[in-house]
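Below is one structure; the comments refer to it alone.
Please treat every number below as a calculation from the coordinates, not as lab data. As the structure is a computational prediction, the values presented were derived from the model and not from experiment. Note that each Cβ is placed from the backbone with ideal geometry, even for glycine, and that neighbours are counted across all protein chains shown.
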Amino acid sequence: MNTTESIRSRLADTPRGKPFTSSRFAALGPRGSVDRALGRLVERGEIERLARGIFVRPRKSRYVGNVLPGVAEVVQALADASGETIQIHGAEAARRLGLSTQAPVAPVYHTSASSRSIRVGNTIVRMIHTSNPRRLQFAGEEAGLALSALWYVGKKGATVDTVSAIRAAIGYKAFGKLRSAQVPVWMGRLLDAVEPRPVHA
């Protein structure tokens, strides 16, 4: 069985719509052979290339044709493959939580790896290195989203009302996890000033 057939066989167990990286097939042959085999499968329409080194077996829809994963899912798959931790940028986090109407023109993430740009389809994603692991706590969770927003709003902009709005947006369970994060003194004081759960009369 050649490299292309070996990859095709393994792809049969890959869920449609779920991104995967070329590194998944490293054991099936030299990197050059794997890359060429994946390229042939792209040409045959069996898989689609989402970004450099990442592909998908597209889901089919009778209404819109191929359904591809979103940018966030592709970026997370790349991060998982490289072993890095990524956190949504504070500006986007603040927008999602209703704290701001501003958002980056293009997707931006904080990362434990090096700063770089990634092209996903027609979208350029910026990855910004952070050397502060506290900014990456609870990555991918509601508590992490809230934490990123608080870092973005900053000591001068954050208030008790800000934290109350965050609690309302993410729920009491996630807020309780947020309160357990390692944070600077100013942020800890604001989190402590807001009740972690409903107060019953």
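Here are a few things to note about the model shown:
- Of GLN87, ALA106, ALA193, farthest towards positive along the dipole that unit charges on Lys, Arg, Asp, Glu beta carbons give the chain: ALA106
- With the simple spin-label model, which puts each label point 7 Å out from Cα in the Cβ direction, the SER164 to ALA81 separation comes to 4.7 nm.
- Whole-number percent relative contact order across the chain, with pairs defined as alpha carbons under 8 Å at least 6 apart: 15
- Where Rh is the Kirkwood radius over Cα pairs, Rg/Rh for the chain: 1.08
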